[in-house]
Amino acid sequence: MSNSTIVEVAKLAGVSVTTVSRCLNSPEKVGKKTLARVRRVIEEINFSPNVLAQNFRRGKTNIILVVVHEIGSWLFAEILEGIRAVLGTRYSIILTESRPEVNDNNFIEMLVAKQVEGVILLCSTLPFSKKLIEKNKSKSLPIVIGLEPISADLGQFPSVHIDNYQAAYDATQYLITSGHKDIVFVSGPKQSFVTKDRELGFCAAIQSSKLPLDEANIVHSDLTSNGGVNAAIEIFARSVMPTAIFCANDDMALGVLGLASRRGVRVPEDLSIMGFDDTRYAAIANPPLSTVLQPARDIGIGAAKRLLRAIDSPEDSAVKAEILPHRLVIRSSTGPRG
């Protein structure tokens, strides 16, 4: 029998729907003979209970919502591997984007309102109303930030990320100690929280080395390879070229690297180029890209473990940022400046 229902099971077993439900969910509360009869009917008619629907009715879905700004980023894929390694056997994971042009806000709001067990935000804003953070009067919806918070109101949630300020400082100091005195930092859009700390780390390193710092040292662009190309067009049009360009992510750095190749700018002889993130394309670029390594999978593992603690121990309300180590990966796109 196909498309069997719990009502049919109850009728064939000669019991109430409530008893069938109890057999499925709390078999220890049912007599052995009744339990055996119900199970025999279930097997005979090949009944498969709608577990998701049952969980919705109980206010428990075993679903974790993971939100990214844009699906397809290698960095997010690596972080998701770490999240699945921790949560995969216990929870189902739903992945969604926070971009308004692709996100179905009605679906996400419904899902969260039906008691999603927790949320991990990866470089993303909340894709649902803030009022849904309060699941009820006594229990808040567990939310953890994987990567840095990208808006001030997300600072209230625990997070797992590297020290972006220090990482950018270290990368800039590496360029300075390599002899570069005219360095341009290609940052994200103005007012963006995503690259704010990296930009501040760059500025601090320049100032601590007593090098001049003005508006020409920072170019704002989109965090894409096209954004890198556009930034490079602006920089290459200057009467005096910098000797090094440090980009806030690898995508932009690869865009700069591509335009340099097309314009006949030798890397690293004429121009050193540094990225950030150590994506899978950095090592196979021509020349291979120097960059800052973010331990993406470890960030996913850490965010998932922090979310489990928030779910299992909601009384532990301490908001803590877990800082993971970064590392400079020096390849052939950077070199000494005489």
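What to note about this one:
- Filter result for the condition that a residue is among the hydrophobic types (A, V, I, L, M, F, W, C), touching a strand residue (DSSP E or B) at 6+ places or on another chain (Cβ under 8 Å) and within 20 Å of GLU81 (Cβ to Cβ), over ILE299, ILE323: ILE299
- Elements of type strands (runs of 3 or more DSSP E) in segment 112-223, at least 2 residues being more than 27 Å from GLY255 (Cβ to Cβ), out of contact with any His (no Cβ under 9 Å at 6 or more places or on another chain) and of a type in the set (A, V, I, L, M): 118-122, 143-146
- Flag if PRO288 is outside any helix (DSSP H, G or I), outside the structural domain of SER178 (by TED's automatic domain parsing), out of contact with any Gly (no Cβ under 9 Å at 6 or more places or on another chain) and surrounded by fewer than 24 Cβ atoms within 10 Å (Cβ to Cβ): no
- Only one of SER178, SER221, SER239, SER192 that is at pLDDT below 95 and either buried (at least 21 other Cβ atoms within 10 Å of the Cβ) or polar (S, T, N, Q) (or both): SER192
- Residue within segment 208-217 that is touching a Phe, Trp or Tyr at 6+ places or on another chain (Cβ under 7 Å) and either at pLDDT below 95 or outside the structural domain of SER73 (by TED's automatic domain parsing) (or both) present: yes
- Of all residues in segment 260-279, those satisfying the criterion of being over 28 Å from the mean Cα position of the chain (by Cα) and more than 15 Å from VAL186 (Cα to Cα) are SER261, ARG262, ARG263, GLY264, VAL265, ARG266, VAL267, PRO268, GLU269, ASP270.
- Yes/no for PHE276 being at pLDDT 95 or above, over 19 Å from PHE76 (Cα atoms) and surrounded by 23 or more Cβ atoms within 10 Å (Cβ to Cβ): no
- Residues of segment 61-90 that are assigned to a helix (DSSP H, G or I), farther than 14 Å from LEU307 by Cα and not hydrophobic (A, V, I, L, M, F, W, C): GLU78, GLU81.
- Boolean, ILE301 is at pLDDT 95 or above, within 16 Å of ILE79 (Cβ to Cβ) and among the β-branched types (Val, Ile, Thr): yes
- Subset of segment 291-318 [assigned to a loop (DSSP other than H, G, I, E, B) and surrounded by fewer than 17 Cβ atoms within 10 Å (Cβ to Cβ)]: SER313, PRO314, GLU315, ASP316, SER317, ALA318
Table: residues versus (1) in the same structural domain as PHE76 (by TED's automatic domain parsing); (2) of a type in the set (Ser, Thr, Tyr); (3) at pLDDT 90 or above.
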| position | (1), (2), (3) |
| --- | --- |
| PHE128 | yes, no, no |
| SER138 | yes, yes, no |
| PRO149 | yes, no, no |
| ASP170 | no, no, yes |
| ILE183 | no, no, yes |
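- Any hit, segment 237-249, residues being over 23 Å from LEU293 (Cβ atoms), in contact with a strand residue (DSSP E or B) (Cβ under 7 Å, 6 or more places away or on another chain), touching a residue at least 24 places away in the same chain (Cβ under 8 Å) and assigned to a loop (DSSP other than H, G, I, E, B): yes
- Selection of segment 280-326 for residues being charged (D, E, K, R) and within 19 Å of the chain's Cα centre (by Cα) yields ARG280, ARG297, ASP298, LYS305, ARG306, ARG309, LYS320, GLU322.
- Among the numbered conditions (1) acidic (Asp, Glu); (2) farther than 24 Å from ALA283 by Cα; (3) more than 22 Å from the chain's Cα centre (by Cα), the only one that ASP170 does not meet is (2).
The values are calculated or read from the model by the stated rules, or taken from the named source; none is laboratory data. Given the structure is predicted, the values throughout are model-derived calculations rather than measurements. Glycine gets a Cβ as well: all are built from the backbone with ideal geometry, and neighbour counts include every protein chain shown.
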